[in-house]
Amino acid sequence: MRKQKNILLGLICSVTIFSCTKSFDEINTDQNGFLSDEVSAKFFLTDTQYKLYSPDRFPYWRAHLIHADRFAGQFTFGFSGCWWSDGLGYTYDTGYTDAAYGWLAGYLGNLKGFTDFVKEGGELENEYMYAMALIMKGLYYQMYTETFGMVPYTEAGVEGILTPKYDTQQVIYKGIITELDEAMAIIGSEERTGLGVDDAGSNDLYCGGDLQKWKKLANTLKLRIGMRALGADGDDFAATAISEALAAPLLDDATGSVVMEKDFVIDQWAAAAYGDVWHNFGGTGSKWTVSNILINMLQDNNDPRLSVYANPIVGGSFVYVNDGSDPNFQTRVDFVVATLDRAGADYTVTVNGNETTIEVPGGQYIGLPTRVNGDIMPYIRYDMFSLPSEMVTQQKGSQVDAYPEIVLTSAESYFLQAEAVLNGLQGASGDAQDLFAKGIKEAMRIWGVSDGDADTYIATEAAADITVGTLDEKLEKIAHQRWLVSYTDGFEAWAVVRDTGYPAELAAGVTDPVIYELGTLNGAYPQRLRYGSGAQDNPNFSAVAPIQGANVQGTKLWFAK
């Protein structure tokens, strides 16, 4: 591809939209304008990357916290003093759903803008950054289609097509794989995107400009999509994609995971973090707790991630008064006690007339059940349950380490390989237990758990051993580890549950309306989000329901059927 750049006035002006990021300090802002050797597509890369995994606070709150993280079953609302029951998201709300749809559907514009700059004939043509764009497109469309199902893909962003057709998930997955193969072929053996200003370097928030890591990222994404599609009705590509991916380099313990560090300089209205919701509203109204499913899984297996995922409870004396206004008083108090029992908590219960007092010492880890309804909220006390750790709720501006945004982990690479070996898939090789153990260690490294602690867990805990048990039991353990490594990545954790059925307690949904929010789904586990209210403006939208099913949260997507 040609390297000569024809810098247009409009292009130069558009660089100013990135002025909020520290990555653009490198730009020479000489009043005489930019020279050709001072302008690079890398200055447009940063914005495109963080808006997929760290969008502004509006969608971060609504798409992530209210929907994906709810359905992932790792964070919970629903305690006394919270603004919402944990049923929020399970009952369809146009405003919240539109926020999620608007963000994901709208992201294509960011991606297309960068792609148009770097493609052949583009104003800032760079074939290696074009390969990055193709890989980012794959990451985006995997998230997009697994959230809504059929979306415009083959005609999306095509010049002259204002109402693109909606493609099936099978078509989208196959298209992603084709473009990932194209990207990997472009990269070949190259290591950097160029010299000098054309080296993406630190402007590349995912891989630091390392093209070989990008190549492994692409191949691992190919493996993920192949494994997710395998066995779906009409699948005619997954086995080949898996075999090809297993034959090429994947993310591993040498490359590490692809994660995006939080930038505490960029304003929350450009790139948000959980802490922007956690700290900015005061009180406990906008805060959340950690689920009992997650806490119990970690605690039952002596998982060293427990103390970095969550905080121990504050504890205290919690008084419940039966004044006759709630006919389900005892049922709800008993539910709280049963939750403490399941957590193995230390507590005492004292009944004095119409008062029940539960004393729960602090320092313990106790998770809050998911999807509790608004009627039981007065019984669910904030100080009785574990909160996310400070790494998760870190406030912007504090300039200390916070949780990394997960793009794709080396841990998942190993877990998928272990699963492929257990299933005897073509191209799978190696020892499943060894691959599984490597995945666990890589998963723990993301959160700063020492290799020694990881080795102890692997050597002593049944949850880390897939040398015994039935095939289903082994696959369940792998699914649990994939769900655990996706902590704070609600979209992927939710996809794992829909694809594998694990954790089974979460996938089973709920049935008791005294305790739980049955919502629009009547207790079933959510399989997708409804399209935003603007989707029907496209005349091709009418073709979706006959193929995919009704536009409701309970309609299973192609990969999960």
| task | Please go through the stretch 536-561 and pick out each residue that is at pLDDT below 95 and either under 15 Å from residue 147 (Cα atoms) or buried (at least 20 other Cβ atoms within 10 Å of the Cβ) (or both). | result | 561
| Residue check for residue 340: within 30 Å of residue 521 (Cβ to Cβ), in contact with a Gly (Cβ under 9 Å, 6 or more places away or on another chain) and not small (Gly, Ala, Ser) | no
| query | Taking the stretch 428-473 as the search range and keeping residues that are out of contact with any Phe, Trp or Tyr (no Cβ under 8 Å at 6 or more places or on another chain), part of a loop (DSSP other than H, G, I, E, B) and of a type in the set (A, V, I, L, M, F, W, C), which one is nearest to residue 484 (Cα to Cα)? | reply | 449
| How about the stretch 201-213: which of its residues are within 19 Å of the chain's Cα centre (by Cα) and either within 18 Å of residue 179 (Cβ to Cβ) or among the acidic types (Asp, Glu) (or both)? | 206, 207
| field | Residues (of a type in the set (A, V, I, L, M) and without any contact (Cβ under 8 Å) to a residue 60 or more places away in the chain) located in the stretch 477-498 | value | 479, 496
| Has the stretch 363-380 got any residue that is buried (at least 19 other Cβ atoms within 10 Å of the Cβ) and modelled with pLDDT under 95? | no
| task | All but one of (1) open to solvent by 20 Å² or more (accessible area, probe 1.4 Å); (2) within 26 Å of residue 226 (Cα to Cα); (3) touching a Gly at 6+ places or on another chain (Cβ under 8 Å); (4) not aliphatic (A, V, I, L, M) hold for residue 166, so report the exception by its number. | result | (3)
| Residue in the stretch 88-130 that is least open to solvent (accessible area, probe 1.4 Å), counting only those that are part of a loop (DSSP other than H, G, I, E, B), touching a Leu at 6+ places or on another chain (Cβ under 8 Å) and not hydrophobic (A, V, I, L, M, F, W, C) | 90
| message | Among the residues in the stretch 459-474, are any in contact (Cβ under 8 Å) with a residue 40 or more places away in the chain, closer than 30 Å to residue 278 by Cα and surrounded by 21 or more Cβ atoms within 10 Å (Cβ to Cβ)? | response | no
| said: If I ask for residues that are open to solvent by 50 Å² or more (accessible area, probe 1.4 Å), touching a residue at least 60 places away in the same chain (Cβ under 8 Å) and closer than 14 Å to residue 252 by Cα, which ones from the stretch 429-453 would you list? | reply: 438, 445
| said: Take the residues in the stretch 520-534 that are modelled with pLDDT under 95 and more than 11 Å from residue 90 (Cα to Cα); name whichever of them is least open to solvent (accessible area, probe 1.4 Å). | reply: 534
| query | Got at least one residue in the stretch 276-295 being under 21 Å from the mean Cα position of the chain (by Cα) and of a type in the set (Asp, Glu)? | reply | yes
| note | When restricted to 500, 456, the only residue open to solvent by 10 Å² or more (accessible area, probe 1.4 Å) and within 18 Å of the chain's Cα centre (by Cα) is 500
| request: Select from the stretch 392-427 the residues that are under 19 Å from residue 477 (Cα atoms) and assigned to a loop (DSSP other than H, G, I, E, B) and write down the one among them that is least open to solvent (accessible area, probe 1.4 Å). | output: 409
| field | Qualifying residue in the stretch 299-309 (condition: over 30 Å from residue 178 (Cβ atoms), modelled with pLDDT of 95 or more, hydrophobic (A, V, I, L, M, F, W, C) and open to solvent by 10 Å² or more (accessible area, probe 1.4 Å)) | value | yes
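The values are calculated or read from the model by the stated rules, or taken from the named source; none is laboratory data. Keep in mind it's a predicted model, so treat the numbers as computed, not measured. Counting neighbours? That spans all protein chains shown, and the Cβs are built from the backbone with ideal geometry, glycine included. Protein only, heavy atoms only, side chains kept; ligands, DNA and RNA dropped before computing areas. Shrake-Rupley method; radii C 1.70, N 1.55, O 1.52, S 1.80 Å.
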